Amino acid sequence: MKKNTLQENLSALVRSLPEKPGVYRYYDKDGKILYVGKAKNLKKRVSSYFNKEPDSGKLRLLVKKIQDIRFIVTETELDALLLENNLIKKLQPRYNIMLKDDKTYPWICIKNEPFPRVFATRHIVNDGSEYYGPYASVRMMKTLLDIIRKLYPLRTCKLNLSPKNIQKKKFKVCLEYHLGNCMAPCVGKQSEEAYAETIAQIRSIIKGNLSEVIGALRRVMMDYAQKEDFENAQLVKEKLEILENYKSKSTIVNPRINNVDVFSVLNDEKRAYVNFLKVMNGAIVQAHTVEIKKKLNETPQEILTFAITDFRQRFGSHAKEIIVPFRPEVQWPDIKIIVPKKGDKKQLLELSERNARYYSMEQQKQQELVDPERHSRRILEKMKQDLRLDVLPEIIECFDNSNFQGTFPVASMVQFVKAKPNKKAYRHFNIKTVEGPNDFASMEEIILRRYGRLQKENLPLPQLIVVDGGKGQLSAAVKSLKKLNLDRKIAIIGIAKRLEELYFPGDPLPLYLDKKSVTLKVIQQLRDEAHRFGITHHRKRRQQGTLKSELTTIKGIGKDTAQKLLQHFRSVKKIKDVSEQEMIPVIGKAKAALVYHHFHPENKA
């Protein structure tokens, strides 16, 4: 099909679209699905793809590939949202966001049979059985089943316990009965009515209605106590303690918060992480986080809307209240959307956000282990973006000055390659041309020496220099780069300690990065490592300086003798206080006399 003919056909299709809610689908020249979208107004939404220049490369590529448009009209925007969600999962179009989550989650089944069994399953059978879940956390489900088994003796066998079979005495008690795990309904030792009451309580526990079960058990315990049946009262009391303990661990907010869904979104450049919490009576009964891979730079609102629809369908949620960090694109009828600012619901939202953040950190750690190169590149790309660099900062060098009341001025340089320390390239500098405590002049000297040498020896230059200090240190460093004609070849920034401001040459206003930003973390790590490396060297120089000024000035006493004395007596002050006899075993009689009489000339014979 020629290009002009194709454009005419697409334009005709767009013009013929109804101004109603619905779902549209884009196809390529081979009839392969490209994209599924929803719209409040099909005509306006689809027209927007062709009436203006797309603002991203991926969107331009999508529009270029569209050869056919199909649509389905729906009654409401919500119907369009539900249909879009189902079509995306079924068709998996290339340009739609996708949940990276293809697991089958387990359910708790209460089997449709006489004396129902309660067990975990991953297969739903349409036989009238009750299914609760799915449980994203298998651990949570197993904990719940363990509590149920501790509280209630239930049958686990697959026998057909019909009234007819029980009356005919077809069965015998098994080991589970003797162990106290089953009340043997198979031989008539437990009535169907009593078993049904147990199942009703189990149903309430699974739904999170612990208060109802606790109240019922407390009434039963009091009845036993009034009848002076203290043995059964004690058994019920033990069950109550198990439930109370479980409730105390699972209640995290006000118990009056009941049947609420909580959603939070953590956004990255290429992906988003969505956390879902289901809360019943203040207790979290469902918790799940997924990674969503973005395809067309989707907004947080689009991602949240998609996730709410998918999760509520998947987990069978009918909650009438949803807690979110911001308003989604679509309003659900009869559902209250809350964006909390404070209080217990705000705490729930913060908990959900923490879960999303921990999940993203865990995913990144796993990615780093599996593919460290890819992880490093992601960090470098983020740094390039945050610091407005022209190239990836694969080699970064950071400088720090140290002096002690103006004496023993030194400097240190550390190097990171691909965001990791390269300790072989670390360097110390003894300041040679600067007198007194002048950090700016010291910085100017070491930058000139370092990069003058790299130029002379034709060695690789870094893509980024980090200077520990504010505008003054940065200006001094830039002055040296200009002398070497490197000021336009190497990017340079300064980091000031007080508020972690980042300064750029010629920019009077600092840049403040998010405290949790990976870029700031790498820069802080560079700065701290340069400081640590510099302090170690500075301390060593001070010790050497002390040796020279206090002991090695004594005629006949060299560096080795001074070192022996300091190792044995720990300080020059203690050496002054000890007797000549005490020094003899350490450095010998002759040298002991020299040191002692140097500090005590009045005792010289």
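What is the number of the single condition among (1) at pLDDT 85 or above; (2) farther than 27 Å from Gly37 by Cα; (3) assigned to a loop (DSSP other than H, G, I, E, B) that Pro93 does not meet?
(2)
Here is a list of conditions, (1) surrounded by fewer than 12 Cβ atoms within 10 Å (Cβ to Cβ); (2) modelled with pLDDT of 90 or more, and Ile338 meets all of them except one; can you say which number that is?
Only one criterion in (1) surrounded by fewer than 12 Cβ atoms within 10 Å (Cβ to Cβ); (2) modelled with pLDDT of 90 or more is unmet by Ile338, namely (1).
Does any residue of segment 208-231 turn out to be farther than 28 Å from Ile284 by Cα, outside the structural domain of Lys278 (by TED's automatic domain parsing), buried (at least 16 other Cβ atoms within 10 Å of the Cβ) and of a type outside the set (Asp, Glu)? Reasoning before the result, please.
Quick first cut of segment 208-231, residues farther than 28 Å from Ile284 by Cα only: 222-231.
Restricting the remaining residues to those that are outside the structural domain of Lys278 (by TED's automatic domain parsing) gives 222-231.
Still in the running and buried (at least 16 other Cβ atoms within 10 Å of the Cβ): 224.
Now narrow it down to the ones that are of a type outside the set (Asp, Glu): 224.
Scanning segment 208-231 turns up at least one residue that is farther than 28 Å from Ile284 by Cα, outside the structural domain of Lys278 (by TED's automatic domain parsing), buried (at least 16 other Cβ atoms within 10 Å of the Cβ) and of a type outside the set (Asp, Glu).
Does segment 318-339 contain any residue that is basic (Lys, Arg) and without any contact (Cβ under 8 Å) to a residue 24 or more places away in the chain?
Filtering segment 318-339 for residues basic (Lys, Arg) gives 320, 327, 336.
Next cut, without any contact (Cβ under 8 Å) to a residue 24 or more places away in the chain only: 336.
Yes: one or more hits.
Which of the residues that make up segment 299-328 are over 24 Å from Asn281 (Cβ atoms), buried (at least 16 other Cβ atoms within 10 Å of the Cβ) and touching a helix residue (DSSP H, G or I) at 6+ places or on another chain (Cβ under 8 Å)?
From segment 299-328, those over 24 Å from Asn281 (Cβ atoms) are 299-307, 309-310, 326-328; that's our starting set.
Next cut, buried (at least 16 other Cβ atoms within 10 Å of the Cβ) only: 302-307, 309-310, 328.
Residues satisfying the conditions are Thr305, Phe306, Thr309, Asp310, Pro328.
Where the second residue is aromatic (Phe, Trp, Tyr) and surrounded by 11 or more Cβ atoms within 10 Å (Cβ to Cβ) and the first is more than 15 Å from Leu145 (Cβ to Cβ) and in the same structural domain as Ala200 (by TED's automatic domain parsing) and lies in segment 123-135, which pairs have Cβ atoms under 7 Å and are six or more apart or on separate chains?
Correct list of pairs: Ile124/Trp107; Ile124/Tyr131.
For (1) under 22 Å from Glu529 (Cα atoms); (2) assigned to a strand (DSSP E or B); (3) not assigned by TED's automatic domain parsing to the domain that holds Ile523, each residue gets a yes or a no:
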position	(1), (2), (3)
Ser352	no, no, yes
Asn355	no, no, yes
Ser360	no, no, yes
Gln363	no, no, yes
Glu373	no, no, yes
Ser376	yes, no, yes
Leu389	no, no, no
Leu392	yes, no, no
Glu397	yes, yes, no
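Is it true that Val434 is assigned by TED's automatic domain parsing to the domain that holds Gly534 and either more than 20 Å from Gly534 (Cα to Cα) or outside any loop (DSSP other than H, G, I, E, B) (or both)?
Values: assigned by TED's automatic domain parsing to the domain that holds Gly534: yes; either more than 20 Å from Gly534 (Cα to Cα) or outside any loop (DSSP other than H, G, I, E, B) (or both): no.
No, not satisfied.
List the pairs whose first member sits in segment 147-158 and is without any contact (Cβ under 8 Å) to a residue 60 or more places away in the chain, whose second member is of a type in the set (Val, Ile, Thr), and whose Cβ atoms are under 6 Å apart, counting only residues at least 6 apart or on separate chains?
Pairs that qualify, where the first residue is without any contact (Cβ under 8 Å) to a residue 60 or more places away in the chain and the partner is of a type in the set (Val, Ile, Thr), are Ile148/Ile202; Tyr152/Thr198; Leu154/Val118.
Of everything in segment 187-197 that's in a helix (DSSP H, G or I) and not hydrophobic (A, V, I, L, M, F, W, C), which residue is surrounded by the fewest Cβ atoms within 10 Å (Cβ to Cβ)? Before the answer, list the steps.
Pass one, segment 187-197, residues in a helix (DSSP H, G or I): 187, 192-197.
Subsequent filtering for residues that are not hydrophobic (A, V, I, L, M, F, W, C) retains 192-193, 195, 197.
On the way: Glu192: 14, Glu193: 7, Tyr195: 20, Glu197: 14.
Once the filter is applied, the top-ranked residue is Glu193.
Against the definition (modelled with pLDDT under 75 and surrounded by 18 or more Cβ atoms within 10 Å (Cβ to Cβ)), how does His531 come out, yes or no? Explain how you work it out, then say what you get.
Numbers: modelled with pLDDT under 75: no; surrounded by 18 or more Cβ atoms within 10 Å (Cβ to Cβ): yes.
So His531 fails the test.
Right, Ile308: without any contact (Cβ under 8 Å) to a residue 60 or more places away in the chain, part of a helix (DSSP H, G or I) and under 30 Å from Tyr132 (Cβ atoms) or not?
Working: without any contact (Cβ under 8 Å) to a residue 60 or more places away in the chain: yes; part of a helix (DSSP H, G or I): yes; under 30 Å from Tyr132 (Cβ atoms): yes.
Yes.
Does Thr156 count as β-branched (Val, Ile, Thr) and within 36 Å of the chain's Cα centre (by Cα)? Walk me through how you get there before you give the answer.
Values: β-branched (Val, Ile, Thr): yes; within 36 Å of the chain's Cα centre (by Cα): no.
Here the answer is no, as Thr156 does not meet what is asked.
Please go through segment 465-518 and give me each residue that is in contact with a helix residue (DSSP H, G or I) (Cβ under 6 Å, 6 or more places away or on another chain), more than 21 Å from Leu454 (Cα to Cα), surrounded by fewer than 21 Cβ atoms within 10 Å (Cβ to Cβ) and modelled with pLDDT of 90 or more, ordered by number.
Within segment 465-518, Pro505 is the sole residue that qualifies.
Tell me which residues, restricted to segment 566-605, are among the basic types (Lys, Arg) and exposed (fewer than 15 other Cβ atoms within 10 Å of the Cβ).
Arg570, Lys573, Lys574, Lys576, Lys589, Lys604
From Ala200, Ala216, Ala225, which residue is modelled with pLDDT under 85 and in a helix (DSSP H, G or I)?
Numbers: Ala200 fails: modelled with pLDDT under 85; Ala225 fails: modelled with pLDDT under 85.
Going through Ala200, Ala216, Ala225 in turn, just one is modelled with pLDDT under 85 and in a helix (DSSP H, G or I): Ala216.
Kindly check whether there is at least one residue in segment 35-58 that is among the aliphatic types (A, V, I, L, M), in a loop (DSSP other than H, G, I, E, B) and in contact (Cβ under 8 Å) with a residue 40 or more places away in the chain.
Step one: list which residues in segment 35-58 are among the aliphatic types (A, V, I, L, M), which gives 36, 39, 42, 46.
Next, only the ones that are in a loop (DSSP other than H, G, I, E, B) stay: none.
Looking through segment 35-58, none of the residues is among the aliphatic types (A, V, I, L, M), in a loop (DSSP other than H, G, I, E, B) and in contact (Cβ under 8 Å) with a residue 40 or more places away in the chain.
The values are calculated or read from the model by the stated rules, or taken from the named source; none is laboratory data. Please read all numbers here as calculations on a predicted model, not as lab measurements. FYI the Cβ positions are ideal-geometry reconstructions off the backbone, even for glycines, and counts take in every protein chain you see.
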